[in-house]
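Novice: Structure incoming, see below.
The values are calculated or read from the model by the stated rules, or taken from the named source; none is laboratory data. Remember, it's a predicted structure, so these values are computed and weren't measured experimentally. Ideal geometry is used to build each Cβ from the backbone, glycine not excepted, and the neighbour counts take in all protein chains shown. Only protein heavy atoms, including side chains, enter the accessible area calculation; ligands, DNA and RNA are left aside. Shrake-Rupley method; radii C 1.70, N 1.55, O 1.52, S 1.80 Å.
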Amino acid sequence: MVAIEPSVLSFAGLLRRLRAEAGLTQEELAELAGVGGRTVSDLERGVALTARKETARLLADALGLDGPTRISFEAAARGRLSNTVSPGPGAAGATATATRTLPRDIASFTGREPELRQLVSAVTGAANPGGVVSIHAIGGMAGIGKTAFAVHAAHRLADRFPGGQIFLPLHGHTPGLPPVPPEDALASLLLTAGVLAAQIPASLEARMALWRDRLAERQLLLVLDDAASSEQVLPLLPGSGGSLVLVTSRRHLSALDDATAVSLDTLPPGEAAALLVRLAGRTGLSPADPAVAEIVQLCGFLPLAIGMVARQLHHHPAWTAVGRAAELASARDRLELMVTENLSVAAAFNLSYADLTEDQQRLFRRLGLHLGTDIDAYAAAALDCTELAASRHGLEALYDHYLLTEPARGRYRLHDLIREYARALAARRDPDQDRDAATVRLLDYYQHTAARTDALIAHQTRPAAAPAAGAVPAAVPDLPSRERALAWARAERANLLAYLDYATRTGQHARVTALTAGLAGLLRHDGPWADAIARHTAAIQAARHPGDRLGQANALRDLGAVRRLTGDYPAAAQAVEQALRIYRDLGDRLGQAWSLSDLGLTWLLRRNCPAAAQALEQALGIYRDLGDRLGQAWALTVLGNVGLVRDDYPAAAQALEQALRIYRHLGDRGGQAKALNDLGSVQRLTGDYPAAAQAVEQALRIYRDLGDRLGQANALHEVGAIRLVTSEFPAAAQALEQALRIYRDLGSRLGQANALNDLGVVHWRTDDYPAAAQALDQALRIYRDLGDRGGEAEAVNTRGTLHRVSGDLAQAEECHQQALELARAIPSSWDEAHALAGLGRCALAADRAAQAEVLLGRALEIFQRIGTAEAPDLLAELAALTGPPPAQ
């Protein structure tokens, strides 16, 4: 083996390294060796430069050293050099100390069972024909427990390898030591395999050949710990013989052919808590204690950090878990508290940072400034002021060093403690103006790209505010479609909200207005709408500070749109009317059309069809004057819905078909889905069920492709309604329940009421009267809260039908009479006809046939006039009551 020279490694350093490799604290080593703890401490700190012969022997026994390594250790302990192989070409490297025994398996090893099962299964489950070498590259960030995992796995598998076990530290990240050169590593391995020092050849190639020849017929378990690179490992691999090689590294060893990657993540919360309790050794401390859960979370579930805090608790009986959790939570720099003896989490990270190039180090520090959860190459390029290609290369390099994870393709994330480490480095090494400039660049990037995505997500053209201050980013993602824009916004949601909060905290009013506008489409699309209301309200206030009236109007309109979605129609109308006044003052005709469209929809939902139609016709005229075809399509879509409520189905179909043609011409798939779903409603109401089902299924497919959850819920509700009228009750219930779940997730109260109302009908038609009553009562409460008289009339009518079939005619007649009054007040011919038909059926059940005939006849006249599907069935019902017409 290579000589242990004092200039390369003192005995103090050698002892520290061997103890760390064995996974022992100073106290544990002293206890195993039967020497005083002060003795070990003095030797490691260099207070005592040599050790007595008996002390060296006891320490070597405790460390499990034998062969050349033991000889070198005891010689170094006495201040003498061992008679070993002279250094080869890699003499500047660290000492190679291969041992024929594995380090002690750590008694406190906790968890990692899925990874262990996977590795053990891969090794024990293979017949290994032809003597194939099995290679497993165990990777992970600093402090993740790679060596402990490899040693634990090796102990489990040792019996399967009669050729023996060899453990070789490669010192890829040992403080004060460069990595072991392959030549020296091979020399140490050959000595351990029984080759005499004089027989070890000088060249790397010759040593490789001899090593592989020696192992050709052996089944060896070889642990190569802390590899710096694939180049360091490749020469050390056996050529054949059915051996197992476990390699640990802080880098992705992607150049190791046929190696199975085992990437270790942080511990799951339960395993992390169990590790802390086990290492702390505190009576009464349980993994279920809230303080334990808080500590391991603040440690980022990182085994190294957990171990340090646990040992602090173990050696400080006066400290409490609650107190330590509070100290970690309030610390400005948690890493300063994660120190024990001569070890620290920050020092472990320092070694990984030192491996990076200057450009990579700068990017790493910049990433520490990022406020969001993850980052892509475009945002990193803005943050670091580099070209996109350089940003991608830098992120890949940091990923390669396990300083980043990649939770989704192209998106990278820092572990909490690594982020804190990077931020602290940036604070120490980068001037304030450099850090501030990086943040401004990133804000510019998010603001610019969010504005582009919102324009694609929205179904309408947003009135253009004044150009925002700030540079246009050099690199922005290609977002050619609404789908791509929505995907980008969803991926960046947490980041955009983090920087919106930052702009709010720092009083950047123009930023708040612009960033909120950029998020408007996403917030409206995905919710939660309560959060959207708070954001838009803040944006209105922010726009008032610099006197940005257009920004204020846009934010008011966004607020009104979300208020409408939550069913707060008066507040929605109030916000949009304020926006309309500002747009008129500014002479912004697009803004006026935009607001008039929204007002029309809001009036429609309040069942004020004349006001809705008037606002929408005005909006449509402005859109046509401006040549805004997307706006025209939206106004026509809402006008189609007005025709639905007015029971003017031909006019509704005509408007919706015009809108659909425009949406298709523009390639607006979201608009197409809305028009198709509404057309399906018209076709259902007029009895064309096959056409209705086809249109709605098309709409549902588009909504699913777009990931539009509210659209999916609306289409599923319509599917349920179609299945209900065709008596496919199980399918109807399934679709309606799916829709109800989405409506509840989004907070759409009107959607919930509509789905519950139809579910009530399904339960009634399947004779589950209690469930029907419960669903209908829930729907009725929501309709009344919303002031939706049309919905209330429909639910009350259905409740009356349920009372009738349950035998309570008095309650049934009361409900239908109440629905009749509501329907005439709205007015709604469809609801009026249903109320009359309900009253007629109650009269028939009470043996008042003449009254029944009159009421059913009036209902039939309305159904026939408006052309709904109920007319044929009601005609048959009347014929059964009055008998066939007299023969001529």
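Novice: Quick check on this structure: which one of Leu839, Leu844, Leu855, Leu860 is closer than 23 Å to Leu776 by Cβ and under 55 Å from the mean Cα position of the chain (by Cα)?
Specialist: Leu839
Novice: Of the numbered conditions (1) surrounded by 21 or more Cβ atoms within 10 Å (Cβ to Cβ); (2) among the aliphatic types (A, V, I, L, M); (3) modelled with pLDDT of 95 or more, Ala561 satisfies every one except a single condition; which is it?
Specialist: All conditions are met except number (3).
Novice: Identify all residues within the stretch 757-791 that are modelled with pLDDT under 90, of a type in the set (Asp, Glu) and buried (at least 21 other Cβ atoms within 10 Å of the Cβ); write none if there are none.
Specialist: Asp788
Novice: Across the stretch 448-488, which residue is surrounded by the most Cβ atoms within 10 Å (Cβ to Cβ) among those that are closer than 26 Å to Leu550 by Cα, at pLDDT 85 or above and of a type in the set (D, E, K, R)?
Specialist: Top of the filtered list is Asp454.
Novice: Let me ask something else. Considering only the stretch 276-293, how many residues are touching a Leu at 6+ places or on another chain (Cβ under 9 Å) and open to solvent by 60 Å² or more (accessible area, probe 1.4 Å)?
Specialist: The qualifying residues number 2.
Novice: If you don't mind, another one. Given the residues Asp265, Asp226, Asp258, which is the only one that is in contact with a Pro (Cβ under 8 Å, 6 or more places away or on another chain) and among the charged types (D, E, K, R)?
Specialist: None of the other options fit; the residue is Asp226.
Novice: Name the helices (runs of 4 or more DSSP H) wholly inside the stretch 801-888 in which the number of residues that are within 25 Å of Asp768 (Cβ to Cβ) and small (Gly, Ala, Ser) is 3 or more.
Specialist: 809-825, 829-845
Novice: Exactly one of (1) small (Gly, Ala, Ser); (2) closer than 25 Å to Ala346 by Cα; (3) open to solvent by 10 Å² or more (accessible area, probe 1.4 Å) is unmet by Gly410. Its number?
Specialist: So the condition that Gly410 fails would be (2).
Novice: A follow-up question, please. Would you call Tyr421 at pLDDT 95 or above, over 29 Å from Leu596 (Cα atoms) and surrounded by 19 or more Cβ atoms within 10 Å (Cβ to Cβ)?
Specialist: For Tyr421, the condition - at pLDDT 95 or above, over 29 Å from Leu596 (Cα atoms) and surrounded by 19 or more Cβ atoms within 10 Å (Cβ to Cβ) - is not met.
Novice: How many residues does the stretch 679-688 contain that are closer than 25 Å to Ala458 by Cβ and open to solvent by 10 Å² or more (accessible area, probe 1.4 Å)?
Specialist: The qualifying residues number 2.
Novice: Separate question: Can you give me the number of residues within the stretch 269-308 that are assigned to a loop (DSSP other than H, G, I, E, B) and aliphatic (A, V, I, L, M)?
Specialist: Residues in the stretch 269-308 being assigned to a loop (DSSP other than H, G, I, E, B) and aliphatic (A, V, I, L, M): 3 in total.
Novice: Kindly indicate whether Ala273 is open to solvent by less than 20 Å² (accessible area, probe 1.4 Å), in contact with an Asp or Glu (Cβ under 9 Å, 6 or more places away or on another chain) and farther than 30 Å from Ile166 by Cα.
Specialist: Criteria met by Ala273.
Novice: Being in a helix (DSSP H, G or I) and open to solvent by less than 60 Å² (accessible area, probe 1.4 Å) is the filter; apply it to the stretch 333-342 and report the residue that is farthest from His393 (Cα to Cα).
Specialist: Only one residue tops the list, namely Leu337.
Novice: Can you find a residue in the stretch 192-203 that is open to solvent by less than 10 Å² (accessible area, probe 1.4 Å), more than 30 Å from Glu28 (Cβ to Cβ) and either at pLDDT 85 or above or not charged (D, E, K, R) (or both)?
Specialist: Yes, the stretch 192-203 contains a residue that is open to solvent by less than 10 Å² (accessible area, probe 1.4 Å), more than 30 Å from Glu28 (Cβ to Cβ) and either at pLDDT 85 or above or not charged (D, E, K, R) (or both).
Novice: Still on this structure, please answer the following. Could you identify the single residue in Gly857, Gly800, Gly840 that is more than 30 Å from Glu737 (Cβ to Cβ), crowded, with 24+ Cβ neighbours inside 10 Å, modelled with pLDDT of 90 or more and not β-branched (Val, Ile, Thr)?
Specialist: Checking each option against the conditions leaves just Gly840.
Novice: Follow-up question, since we're still on this one. Residue by residue through the stretch 565-593, note down the ones that are in a helix (DSSP H, G or I), more than 14 Å from Ala619 (Cα to Cα), open to solvent by 30 Å² or more (accessible area, probe 1.4 Å) and not aliphatic (A, V, I, L, M).
Specialist: Pro570, Gln574, Gln578, Arg581, Asp585
Novice: Ser243 versus (1) within 46 Å of the chain's Cα centre (by Cα); (2) surrounded by fewer than 23 Cβ atoms within 10 Å (Cβ to Cβ); (3) at pLDDT 85 or above: which is the lone unmet condition?
Specialist: With respect to (1) within 46 Å of the chain's Cα centre (by Cα); (2) surrounded by fewer than 23 Cβ atoms within 10 Å (Cβ to Cβ); (3) at pLDDT 85 or above, Ser243 is out only on (2).
Novice: In addition: Which residue pairs have Cβ atoms under 9 Å apart, sit 6 or more places apart or on different chains, and have a first residue in the stretch 305-332 that is without any contact (Cβ under 8 Å) to a residue 12 or more places away in the chain and surrounded by fewer than 21 Cβ atoms within 10 Å (Cβ to Cβ) and a second that is of a type in the set (Gly, Ala, Ser) and assigned to a helix (DSSP H, G or I)?
Specialist: Listed by first residue and then by second, the contacts come to Gly323/Ala291; Ala326/Ala291.
Novice: Is it true that some residue in the stretch 516-529 is of a type in the set (Phe, Trp, Tyr), open to solvent by less than 10 Å² (accessible area, probe 1.4 Å) and either assigned to a helix (DSSP H, G or I) or in contact (Cβ under 8 Å) with a residue 12 or more places away in the chain (or both)?
Specialist: For the stretch 516-529, residues of a type in the set (Phe, Trp, Tyr), open to solvent by less than 10 Å² (accessible area, probe 1.4 Å) and either assigned to a helix (DSSP H, G or I) or in contact (Cβ under 8 Å) with a residue 12 or more places away in the chain (or both): present.
Novice: Oh, and also: Working only within the stretch 689-703, note down all residues that are open to solvent by 20 Å² or more (accessible area, probe 1.4 Å) and either more than 22 Å from Leu630 (Cα to Cα) or among the hydroxyl-bearing types (Ser, Thr, Tyr) (or both).
Specialist: Tyr689, Pro690, Ala691, Ala693, Gln694, Glu697
Novice: Please enumerate the residues belonging to the stretch 158-167 that are surrounded by fewer than 18 Cβ atoms within 10 Å (Cβ to Cβ) and either among the hydrophobic types (A, V, I, L, M, F, W, C) or in a helix (DSSP H, G or I) (or both).
Specialist: Within the stretch 158-167, Ala158, Asp159, Arg160 qualify.
Novice: Moving to a separate point now. Counting just the residues of the stretch 1-35 that are open to solvent by 40 Å² or more (accessible area, probe 1.4 Å) and of a type in the set (Gly, Ala, Ser), which one comes out modelled with the highest pLDDT?
Specialist: Once the filter is applied, the top-ranked residue is Gly34.
Novice: Condition check: of a type in the set (Asp, Glu) and over 29 Å from the mean Cα position of the chain (by Cα). Does Asp568 satisfy that?
Specialist: Here the answer is yes, as Asp568 does meet what is asked.
Here's the yes/no breakdown for (1) on the phi > 0 side of the Ramachandran plot; (2) among the acidic types (Asp, Glu); (3) in contact with a Gly (Cβ under 9 Å, 6 or more places away or on another chain):
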| residue | (1), (2), (3) |
| --- | --- |
| Gly242 | yes, no, yes |
| Val247 | no, no, yes |
| Ala255 | no, no, no |
| Val262 | no, no, yes |
| Ser286 | no, no, no |
| Ala318 | no, no, no |
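Novice: Another question, then. In the stretch 343-362, what residues are assigned to a helix (DSSP H, G or I), open to solvent by less than 30 Å² (accessible area, probe 1.4 Å) and aliphatic (A, V, I, L, M)?
Specialist: Val345, Ala346, Ala348 - these are the residues of the stretch 343-362 that are assigned to a helix (DSSP H, G or I), open to solvent by less than 30 Å² (accessible area, probe 1.4 Å) and aliphatic (A, V, I, L, M).
Novice: Something else now. Please pick out the residue among Ala612, Ala635, Ala652 that is of a type in the set (Gly, Ala, Ser), farther than 23 Å from Pro463 by Cα and either in contact with a helix residue (DSSP H, G or I) (Cβ under 7 Å, 6 or more places away or on another chain) or in a helix (DSSP H, G or I) (or both).
Specialist: Ala652
Novice: Hey, can you tell me all the residues within the stretch 363-399 that are surrounded by 24 or more Cβ atoms within 10 Å (Cβ to Cβ) and among the aromatic types (Phe, Trp, Tyr)?
Specialist: Phe364
Novice: Leu700 passes all but one of (1) among the aliphatic types (A, V, I, L, M); (2) under 18 Å from Gln752 (Cβ atoms); (3) under 34 Å from the mean Cα position of the chain (by Cα); which number fails?
Specialist: (2)
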